[in-house]
1. So, in Å, what gap is there between the alpha-carbon centers of the range 472-493 and the range 148-206?
2. Would you calculate the separation in nanometres between label points at residue 55 and residue 263, each defined as 7 Å from the Cα along the Cα-to-beta-carbon direction?
3. Nearest 0.05, what FRET efficiency do residue 427 and residue 237 give at R0 = 51 Å with Cβ-Cβ as r?
4. Can you give the net charge of the other residues whose Cβ lies under 12 Å from the Cβ of residue 232, counting K and R as +1 and D and E as -1?
5. Considering every pair of different Cα atoms, what Kirkwood radius, in Å, is found for the range 431-574?
6. Could you estimate the translational diffusion coefficient of the range 10-148 from the Stokes-Einstein equation, with Rh from the Kirkwood formula over C-alpha pairs, at 10 °C and 1.306 mPa s, in whole µm²/s?
7. Identify the residues of the range 45-64 with backbone N under 15 Å of a label point that sits 7 angstrom from the Cα of residue 191 along the Cα-to-Cβ direction, or state none.
8. Starting from 0.36 nm per residue, how many nanometres of slack lie between residue 77 and residue 448 once their C-alpha separation is accounted for?
Amino acid sequence: MRLRSWLVVGIGATLLLAIGAVGISVNRSALRAAETVHRADTLALAGNNGGLAEQLLWVSAKELGDFVAGHPLALTADDPGDREALVEYADKSTFFQYGLVLTDLTGNPLNSTRTRNFFPDMEGVGYKPVISALALGRPGFSSIMNIKNTFVQAVAVPIVVAGQPVALLYGYIPVAQSQLQEYLVKLSDKAHTSMLVDSAGTVGASSVPEEVGTLVDSAIIEQLDSQESVFVNYREASGRTMIAVVKGGLPGGWAYVRTQSRATFDGPVRNRSLTINVMLLTMLLVGVGGLAVLGYRSQLVRRRAEERFSALVEHAPDVVTVLDAEGRVVYSSPSGMRILGFGAVGSSVFDILHEDDRPHVRERFAALVAEKGALERMQVRVLQAGGTHRWFDFTASNQLHNAALDGVVINARDITDSREMQDRLAHDAHHDPLTGLPNRRRLHERLAASLEASPVGVLFVDLDGFKPVNDELGHEAGDELLRQVGARLSSCLRPADVLARVGGDEFVLLLPGVGPSDDASGLAARLRALIGEPFEIFGHEVGIGASIGLHLAAPGEHPDQVIRTADQAMYAVKHGPSRPGRHRA
């Protein structure tokens, strides 16, 4: 009897030890995998957001450069024409609402949109990155500067005449009302703070607006010049342990920084994992010592361990899924039901993907299953219960050889918000913010692509009588008129045509594959008649006209020459003998 009892205890202890070892191993593997993926995703997200911020900085410099290229300036001190052009541009600018300053090459002011005391002293230390960049022939981006209790950033471009720089144009962005500040506030999250920091460590944009103009921790400042995304650990004055991810290398020495407490970064995963391990060991000792209730306690330990592990997975932000070799879902964490709105167990993973993503995912899945221990990473769209799709970042690991898992393990993270921000910034970089039409950059790309294989008709449209509308009814009325003109012109487009706004009151229409000149000439006549119809602007009936230049471009022509030729044709129409000319800057 005693031998049988000891035999039962030995068998029970062996079973408990085996179960405990498997549980701890799985728990540790899951913890390591989750931490590795989390840190990699955080670094990748910082790199993406830093890249988007860099792209927006270059867009601001390009807008300033486009103004310089399209508006010849007298470049003499206090020239009234130069000041009028600067004021008009500042009023319409997406970025430089605070104002602009025109200087000579040594920094002596020639003209400005406001009195000089409204702008930071040109000898200020904040201009140091600007001077360094301009010396290398690139646009310059300053550090944050405080003038009259307003934090501003300066962007500078050279004005080149006959191949030589002769002057400089500075545009000032009020950082508290900048586009980047608006994006960060819209994407704010209580768990972390996203910031854009200058080379001195001053916050220029933040998801917490109160932090604009403050200094970040010295540990972060030491890593601001890092070209790759890096983690920085530091402690706040309150004693709270923090972790930041820093992506430097942005123009002007700027960097993207995302900070949060160490506790929120690690989350409950590590603490819960430790709790599970302690619980398993405790239950093993109790099971070995409890001879009479060995079987009962064995089942109890396993049940409690499974419940705690399920609770841990349920509250995790990611979806953990296990697939068989054919791609059928054999396990999905409870968070999958919460995010997708339906249970996926038993269905094929390919059936819940967007139909455009299925061929690519099938190909990658076949390669993954064919290689033991292989790892694949991809971004796909997953179906929700309401019929919509959300973007997920998949990290798939082939664990078919792992007896504890026996499947393909997928860790899926919802990245829909990040993708939407990326798409929005990409859209803004190629479209006019006032009318929503393609901008000059997008027009150039489409024209170059069309000229590779077919002729293109180009209509250059310049509005007649637009300036009096601005002068009499105000800039808001002028903006509304431009939007209505864009809508009317768009109503005449074919599916393949492209309409872009390339200047203040200038539009360009591309007609790929256009036929005889009569076709384009007829369209130009219809457009003139359409624009000549009255517009209803804020209760006022407004009448304007349009001068339209036509150029039929042959395949292989250079896009810049095509646009210039169409512009010259428009100019000839506007100043022809039958139409009184007006001053053209």
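Coordinate-derived values only; no laboratory data. Note that this is a predicted model, so its numbers are computed, not measured. A quick note on method: Cβ atoms are made from the backbone with ideal geometry, for glycine too, and the neighbour counts reach across all protein chains shown.
1. The two parts, judged by their Cα centres, are 29 Å apart.
2. Roughly 3.7 nm, to one decimal.
3. 0.80
4. Local charge sum for residue 232: +2.
5. Hydrodynamic radius (Kirkwood, Cα pairs) of the range 431-574 is 15.3 Å.
6. The calculation lands on 80 µm²/s.
7. Within reach of a label on residue 191, which here means backbone N under 15 Å from a point 7 Å along Cα→Cβ, the range 45-64 contributes 45-46.
8. 129.6 nm
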